[in-house]
Structure formats: C-alpha cells, structure tokens
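Remarks on the structure that follows.
Quick note: the coordinates plus some simple rules give every number you see, no bench work behind them. Fair warning: this is a prediction, and the values are worked out from it, not measured in the lab. Don't worry about glycine lacking a Cβ; one is built from the backbone with ideal geometry, like all the others, and counts go over all protein chains shown.
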Ligand code: NI
C-alpha cells in the first residue's frame, strides 16, 4: 500500500517535472516560465477535458498570439482600452446586434457559462465587440447587452478601431446584402475568446460549445493562473 502511494507520488512529480520542462522548451519569448508552465498545466487539466464533438475549447497552436491592445467605446459612451480590463478576465465575442440567430445564441452561451461558474464568474467580464459599428452605437449596444447578462459590456468604435481589434483577434467580417431585405447583414466568424488580464487570448471556443464545457475550461485557466506558493 505504502509502495503504491510512493509510486504515485513519483509519477506525479515526473508529470509535473515533465510539464515544467515542456513549458521551458516551448515557451514563447513574451511568456515568463511561470506563465508558460501555468498554460501547459491548464492544457492538461483544463482544456483537454472531454470535449463534445459539436464544439469545445481549443488550445491555441504554439506560437500563435491573439488579442492585445484596443481603443474602443463602451455601451455607456466611455472610451475604453484593454487596460480597463486588466483587473480580470474577459469572454469576448465579435458580433452585431442586428444578427438574427448566431450572435444571440453564442452570447446566451457566454451568459449560461458564467452562471454555471457561480462565484468564480466574478472575475470574468462578458464582452461583445461589434463588427457593425455603423449601426451599433453605444445606445444600441446598451439595450442589447443588458438582455443577455447584467455585467455584459458592449464595445464599438470607428470603422478603423473595429478593424484594428478584429485584426488582432483574426476575426473575419464583411457586409452582406440579401436582395430580399432592405437592411444589410454581416457575415462574420463566430468564436468566443477567453482573454487573460494581460489581453492575450488563452482559449478559443468554437460555435455551439456547451456552456458547461466553457465553464470548466475557463475555471481551468483561472486556476492555472493563480499565483503558486
Ligand atoms: Ni452574428
């Protein structure tokens, strides 16, 4: 019995040591070793838990950096930058308020994931960044985000500001006109991004990810980022 415990302890040490080594070898230049280690731990314990085939969390491929600084206006009309969110984490979705179906579904998923996280959700701000700034004024966003979550933040800006943040997240969007409709619509990619306090994307969730899956993956990342000691 004692031997089993001893073997388990050795196996655990080897695994943690292995992850540390892996983090050291694979860390990107901007990452500290501790950050790299935390994200590798998260990849083992947080992200790669059984994912449903329809959707789920994706670890960013090595060397891909998404996210970063932005200059936008929030739904109260206040100018905001990434620094205004540096106290916590964000679940970010790029969409638009006139979207008939996909955007409401994904924003509903974010809200449900936060509900599932209970107290842990306090450090996560749900954010909608509009890719249709022409129609999505701060006032338009204010009514819309409030319908999904009391803490949801709507962000918009000039066409250039929106293009800049979309580029940093590699978001695709384009105006589309259905001949049967008077109003234009927007084609856009539909991922949910978990963003750390430093503004870097830590996880991407595919469309139709289950809220429970998202909640578990976000919790994994939050735990992995806790200071150790
Ligand atoms: Ni949409």
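Run through the DSSP bridge list for the range 71-225 and note the antiparallel percent, rounded to the nearest 5. Antiparallel bridges make up about 65 percent of those DSSP assigns within the range 71-225. Working from label points 7 Å from Cα in the Cα-to-Cβ sense, the residue 187 to residue 170 distance is 1.9 nm. A straight line joining the Cα centroids of the range 89-142 and the range 161-229 runs 9 Å.
Extension gain for residue 71 to residue 177 (0.36 nm times residue separation, less C-alpha to C-alpha distance): 35.3 nm.
Contact order for the range 106-229, expressed relative to its length and based on alpha carbon pairs under 8 Å spaced 6+ residues apart, stands at 24 percent.
You can think of it this way: the chain between residue 208 and residue 147 has 20.0 nm of extra reach, that is 0.36 nm per residue less the Cα-Cα gap.
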